[in-house]
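The values are calculated or read from the model by the stated rules, or taken from the named source; none is laboratory data. Worth saying up front: this structure is predicted, and the values here are computed from it rather than measured. All Cβ positions, even for glycine, are placed from backbone atoms using ideal geometry, and neighbour counts span all protein chains on display. Ligands, DNA and RNA are excluded from the accessible area calculation, which covers all protein heavy atoms including side chains. Shrake-Rupley method; radii C 1.70, N 1.55, O 1.52, S 1.80 Å.
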Amino acid sequence: QVQLVESGGGLVSAGDSLRLSCAASGRTISTYDMGWFRQAPGKEREFVAGVSRGGRTITYRNSVKGRFTICRDNAKNTVYLQMISLKPEDTAVYYCAAESGIGWSPSSMDYWGKGTLVTVSS
């Protein structure tokens, strides 16, 4: 199995930037699609960004396009989410997830981290 640990969350002001990291252990992430999801209080978990196992296909939800960048460093067994121009509506617990199959819905993911909280004040 794969263990995922997120880090980098915190309290920032609107317009600020933040970089989240997802450190994997147990297995190499090179064989997994890797994604970031988020869940705000009272809302369902939603897909944010994903990168295919080969690193050649990257997908973002529309609301973060142009602001968030996902990348993977298989040598470090780590996935990153660079977030710029943060907005209050980005406030959520951000989760890293791994998938051996197809799809970016939360239900399709095989492994999850415990999450890191991102709070964006106005």
>> Students often get this wrong: which residues of the range 77-98 have the backbone nitrogen under 16 Å from the point 7 angstrom along Cα-to-C-beta of Ser122?
In response: 86-92
> Setting aside same-chain residues fewer than 8 positions from Lys43, which aspartates and glutamates have a Cα under 14 Å from its Cα?
Replying inline: Glu89, Asp90
> Which residue, Leu20, Leu11, Leu81, tops the fluctuation ranking in a GNM of the chain built on C-alpha contacts under 10 Å?
Replying inline: Leu11
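Calculate what fraction, in whole %, of the accessible area of the chain sits on carbon and sulfur atoms when a 1.4 Å probe is rolled over the protein chains.
50 percent
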> Leaving out same-chain residues fewer than 8 places away, which lysines sit with a Cα under 19 Å from that of Lys65?
Replying inline: Lys87
>> Straight-line reach from Lys76: which lysines fall under 23 Å, measuring Cα to Cα and dropping same-chain residues less than 8 apart?
In response: Lys114
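On a full-extension model of 0.36 nm per residue, what is the gain between Ser13 and Asp73, subtracting their alpha-carbon distance, rounded to one decimal in nm?
Net length gain for the segment: 18.8 nm.
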>> Using a probe radius of 1.4 Å on heavy atoms only, what accessible surface per residue do you get for the chain? Whole Å² is fine.
In response: 50 Å²
>> Tell me the net charge near Asn74. Cut-off is 15 Å between Cβ atoms, Asn74 excluded, with +1 for each Lys or Arg and -1 for each Asp or Glu.
In response: +3
> Between the DSSP loop rule and a limit of at most 13 other Cβ atoms within 10 Å, which trypsin sites (Lys or Arg not before Pro) in the range 1-103 are left?
Replying inline: Lys43, Arg56, Lys65, Lys76
